[in-house]
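Just below is one structure, and these are the notes that go with it.
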Amino acid sequence: MLRKLLIGTALATSFAFSAHAADVKEVQMLHWWTSGGEAAALNVLKQDLAKEGYAWKDVPVAGGGGDAAMTALKAMVAAGNYPTASQMLGYTVLDYAAAGVMGDLTETAKKEGWDKSVPAALQKFSVYDGKWVAAPVNVHSVNWLWINKAVMDKIGGTEPKTFDDFVALLDKAKAAGVTPLALGGQNWQEATMFDSVVLSTGGPEFYKKAMNDLDEASLKSDTMKKSFDNLAKLVTYVDPNFSGRDWNLATAMVIKGDALVQVMGDWAKGEFHAANKTPGTDFLCYRFPGTDGSVIYNSDMFGMFNVPDDRKAAQVALATATLSKSFQSAFNVVKGSVPARTDVPDTDFDACGKKGIADLKKANEGGTLFGSLAQGYGAPPAVANAYKDVVSKFVHGQIKTSDEAVTELVKAIDDAK
Amino acid sequence: MSTVAETQIKLTPEHDARPGASVRSRLQDLLPKIVLAPSFAATIVFVYGFILWTIYLSFTNSKTFPSYDITGARAYQRLWRWTFESDPPSSWYTSITNMGIFGFLYIAICLALGLFLAILLDQKIRGEGVLRPIYLYPMALSFIVTGVAWKWFLDPGLGLEQTLHQWGWTSFHFDWIKNKDFVIYTVVIAGVWQASGFIMAMFLAGLRGIDGEIMKAAQIDGASTFQLYRRIVIPLLRPVFLSAFIVLAHLAIKSYDLVVALTSGGPGGSAWLPSNFMYEFTFKRNEMAVGSASAVIMLMTLTAIIVPYLYSELREKPR
């Protein structure tokens with residue numbers, strides 16, 4: 001039905017369609033990487049393609065989370081005016097693939113050996129119905145602690161290995177008069193932290209069952225209640241002013257030494273770099289206590305659209321360049337994430353990046369690489385947002401007990417399925 | 001009078017004498033309609049057409065993309081169920097109660113404050129020309145600017161509270177913007193700040209339109225100033241109340257951007273209005289049917305309030 005509509009609209013707007021029909025040597029790219037570091041990272045790809053004779057046509061739609069970009073993409077696709085590729089996240093790729101508007105890169109994938117080099121967990125989103133429809137650009141992981149080393153030395157802390165260690169460390173910081181935990185009280189940040197808490201409390205098996213398979217028994221289990229209790233414990237260590245704070249301001253608190261630690265995805269590293277801080281001497285990156293060996297990931301992908309045949313060559317060139325080892329390394333060094341293929345040398349990466357690459361490889365082999373529910377890689381957006389609602393309401397006190405929280409969680413996820 | 005008659009006499013023979021001119025004058029008659037037709041068609045399609053489309057979508061199971069198979073009123077059933085989930089509050093319950101609180105306070109305070117300021121400014125004071133634009137100016141700002149400015153001002157770590165602490169008043173405490181129970185009132189504060197000056201200007205125009213003779217007559221009859229305003233001026237301002245109410249009501253309904261800029265949704269989504277709910281569900285959660293249903297309910301609610309009010313006000317016109 002949708003397809004019919006899309007074709008119909010495409011015909012109706014055939015004028016617009018032909019007017020927009022892009023130059024065959026041109027790559028049209030819709031994305032929301034407009035901030036300094038991100039734009040610089042993307043520039044690497046631009047130059048790689050220029051070497052092969054392909055021009056780059058940016059279609060940037062600003063707005064961090066990509067909501068505006070996704071709305072623009074919806075309109076472009078409905079008008080039959082497909083971009084060569086678009087930055088996309090997890091389930092969006094699958095939605096568009098189900099609507100039949102994505103291209104097919106299987107040939108290129110075979111030639112380049114993506115099946116083997118890209119982690120299987122990522123292929124769940126880049127392969128639809130046996131066909132490669134997207135090229136993953138990077139792998140972010142969210143179960144990280146970012147610690148200010150000067151503060152850590154001052155309070156005499158060491159790397160926390162368990163949740164109880166972590167609480168003890170936070171207590172030390174509190175006693176020293178530093179804000180122990182820098183948190184931005186926006187629902188996605190709270191839920192991102194909770195992802196790590198669940199993995200730490202219940203272990204890898206439990207995380208997969210509850211947060212990826214949405215198994216009801218796990219969701220209302222005592223382990224889940226314990227996870228909420230642990231979250232409540234962590235929230236007692238934030239400053240009173242945390243509500244509504246942006247994530248990068250929370251990172252800034254750690255950079256400046258106003259706070260000891262932030263639980264955040266590895267994009268936080270970009271902020272440390274921007275402030276000219278080096279890992280090991282100025283700041284420390286540890287896995288969230290009790291989650292070493294597992295990786296909760298999210299990933300940026302370039303969704304490849306079903307463009308007319310004469311534009312396919314440019315698309316293949318883009319996809320090949322995106323997954324080339326040189327680009328994967330150069331881009332991710334700048335972006336703070338790790339390469340989306342596990343066979344990229346880690347020589348150019350800093351200490352945290354090296355650890356990230358090693359962890360990803362280990363997690364991929366050991367089957368402990370899980371999608372982040374908060375970041376939309378655990379379940380479709382409706383469920384992910386219902387989850388964020390519940391976590392956020394728990395943090396801010398609309399939901400008062402962990403018993404109530406698990407009941408609400410099961411209900412909200414059921415509703416959204 | 002005579003000129004009109006002359007032109008008519010002059011025109012009529014020409015109509016009969018030259019058929020070409022008749023076409024031209026017919027065209028001239030049609031011209032306004034032709035010029036208006038595109039905008040009329042655009043309104044029909046893009047306003048009313050899409051209202052119907054939204055209603056249609058709300059009865060489907062549209063998710064990321066519109067789907068055209070009618071599947072029943074499940075979206076409305078869910079909204080209906082959420083309407084009564086108050087503890088813990090569902091997002092929809094929060095949105096509609098916030099709309100009630102915000103809508104009522106915003107309209108009432110803007111009207112009261114606007115009228116009060118207008119009456120004060122109407123006392124033939126010096127420097128009115130300077131004061132009026134000062135009050136009016138906030139209306140020139142977008143909701144986004146208002147929201148961000150007030151966000152900084154109300155933030156306990158940056159704005160008012162921090163400043164007063166630095167000045168030595170350390171017991172001062174004002175963290176409404178961080179408090180799930182009070183955050184909606186900060187939206188009211190910012191909204192009132194922005195709109196009350198404009199409402200003042202409307203009332204001021206109304207006050208200037210009142211016949212001075214009536215006032216003088218009342219004063220001769222011995223009416224006090226209070227009585228004068230209570231019994232004569234305010235009743236005469238009734239049409240201004242109507243216009244102001246309609247302007248404020250639609251501003252209140254579309255305050256989406258104010259909520260986003262000021263609170264980014266508030267702690268745990270506690271500052272949501274139905275417009276935030278609609279956008280969130282349609283575009284972020286890929287639940288287009290639920291989003292559409294909430295939009296339809298917003299439209300119905302607005303209609304239920306505005307139509308009887310318009311009816312009761314406009315019915316009295318002919319007298």
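List of remarks:
- Scan segment B:250-298 for residues that are assigned to a helix (DSSP H, G or I) and either among the polar types (S, T, N, Q) or more than 10 Å from chain A (Cβ to nearest Cβ) (or both) and the total you get is 27.
- Failed item in (1) closer than 19 Å to B:MET298 by Cβ; (2) touching a residue at least 24 places away in the same chain (Cβ under 8 Å), with B:LYS63 passing the rest: (1)
- B:THR225 away from every other protein chain (no Cβ under 14 Å) and either on the phi > 0 side of the Ramachandran plot or among the polar types (S, T, N, Q) (or both): yes
- Given (1) closer than 22 Å to A:GLU38 by Cβ; (2) more than 17 Å from the chain's Cα centre (by Cα); (3) touching a residue at least 24 places away in the same chain (Cβ under 8 Å), index of the condition A:ALA69 fails: (2)
- Filter result for the condition that a residue is surrounded by fewer than 19 Cβ atoms within 10 Å (Cβ to Cβ), assigned by TED's automatic domain parsing to the domain that holds B:ASN286 and β-branched (Val, Ile, Thr), over B:ILE101, B:ILE51, B:ILE107: B:ILE101
- Those residues of segment A:351-380 which are under 16 Å from the mean Cα position of the chain (by Cα) and polar (S, T, N, Q), in sequence order: A:SER372, A:GLN375
- Applying the set (1) of a type in the set (Asp, Glu); (2) assigned to a helix (DSSP H, G or I); (3) surrounded by fewer than 21 Cβ atoms within 10 Å (Cβ to Cβ) to A:ASP346 leaves exactly one unmet item: (2).
- Scanning segment A:241-283 for residues that are more than 14 Å from chain B (Cβ to nearest Cβ) and either touching a Pro at 6+ places or on another chain (Cβ under 6 Å) or hydrophobic (A, V, I, L, M, F, W, C) (or both) yields A:VAL254, A:ILE255, A:LEU260, A:VAL261, A:VAL263, A:MET264, A:TRP267, A:ALA268, A:PHE272, A:ALA274, A:ALA275, A:PHE283.
- Candidates A:TYR286, A:TYR297: the one that is buried (at least 23 other Cβ atoms within 10 Å of the Cβ) and under 25 Å from A:LYS354 (Cβ atoms) is A:TYR297.
Per-residue answers, yes or no, for (1) over 26 Å from A:ALA99 (Cα atoms); (2) within 12 Å of chain A (Cβ to nearest Cβ); (3) acidic (Asp, Glu):
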{"residue": "B:SER25", "(1), (2), (3)": "yes, no, no"}
{"residue": "B:PHE40", "(1), (2), (3)": "yes, no, no"}
{"residue": "B:THR60", "(1), (2), (3)": "no, yes, no"}
{"residue": "B:LYS63", "(1), (2), (3)": "no, yes, no"}
{"residue": "B:GLN77", "(1), (2), (3)": "yes, yes, no"}
{"residue": "B:PRO89", "(1), (2), (3)": "yes, yes, no"}
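- Screening A:GLY100 against (1) under 27 Å from A:ALA330 (Cβ atoms); (2) assigned to a loop (DSSP other than H, G, I, E, B); (3) within 12 Å of chain B (Cβ to nearest Cβ) leaves a single unmet condition, (1).
- Residues considered: B:LEU117, B:LEU113. Of these, the only one that is touching a Phe, Trp or Tyr at 6+ places or on another chain (Cβ under 7 Å) and buried (at least 17 other Cβ atoms within 10 Å of the Cβ) is B:LEU117.
- A count restricted to segment A:386-405 and to residues that are touching a residue at least 40 places away in the same chain (Cβ under 8 Å) and in contact with an Asp or Glu (Cβ under 9 Å, 6 or more places away or on another chain) stands at 8.
- Restricting segment B:65-75 to residues that are at negative phi and not aromatic (Phe, Trp, Tyr) leaves a set whose member that is farthest from the other protein chains (Cβ to nearest Cβ) is B:ALA73.
Residue by residue, here is whether (1) away from every other protein chain (no Cβ under 14 Å); (2) over 30 Å from A:ALA210 (Cβ atoms) holds:
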| position | (1), (2) |
| --- | --- |
| A:VAL307 | yes, yes |
| A:LYS335 | yes, no |
| A:ASP346 | yes, yes |
| A:ALA358 | yes, no |
| A:THR368 | yes, no |
| A:VAL391 | no, no |
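- Residue selected from segment B:209-252 under the condition among the β-branched types (Val, Ile, Thr) and touching a helix residue (DSSP H, G or I) at 6+ places or on another chain (Cβ under 6 Å), by the criterion modelled with the highest pLDDT: B:VAL240
Let's see how each residue does on (1) crowded, with 22+ Cβ neighbours inside 10 Å; (2) in a helix (DSSP H, G or I); (3) away from chain B (no Cβ under 14 Å); (4) modelled with pLDDT under 90:
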position	(1), (2), (3), (4)
A:PHE17	no, yes, yes, yes
A:ALA22	no, no, yes, yes
A:GLY37	no, yes, yes, yes
A:ALA50	no, yes, yes, no
A:GLY65	no, no, no, yes
A:MET76	no, yes, no, yes
A:MET88	yes, no, no, no
A:THR108	no, yes, yes, no
A:LYS116	no, yes, yes, no
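- Options A:ALA210, A:ALA232: the member that is small (Gly, Ala, Ser), within 30 Å of B:LEU262 (Cβ to Cβ), out of contact with any Cys (no Cβ under 8 Å at 6 or more places or on another chain) and in a helix (DSSP H, G or I): A:ALA232
- Residue within segment A:379-386 that is away from every other protein chain (no Cβ under 11 Å) and surrounded by 22 or more Cβ atoms within 10 Å (Cβ to Cβ) present: yes
- Of the residues in segment A:169-178, at least one is surrounded by fewer than 18 Cβ atoms within 10 Å (Cβ to Cβ) and either of a type in the set (A, V, I, L, M, F, W, C) or outside the structural domain of A:PHE272 (by TED's automatic domain parsing) (or both).
- Per-region count, segment B:134-169, residues at negative phi, more than 14 Å from every other protein chain (Cβ to nearest Cβ) and in a loop (DSSP other than H, G, I, E, B): 4
- Any hit, segment A:348-357, residues being farther than 30 Å from A:GLN28 by Cβ and free of Cβ contacts under 8 Å to residues at least 12 places away in the same chain: yes
- Residue among B:ILE177, B:ILE199 that is part of a helix (DSSP H, G or I), surrounded by 22 or more Cβ atoms within 10 Å (Cβ to Cβ) and within 14 Å of another protein chain (Cβ to nearest Cβ): B:ILE177
The values are calculated or read from the model by the stated rules, or taken from the named source; none is laboratory data. Being a predicted model, the structure only gives us computed values, none of them experimental. Virtual Cβ from ideal backbone geometry, glycine too; neighbours counted across all protein chains shown.
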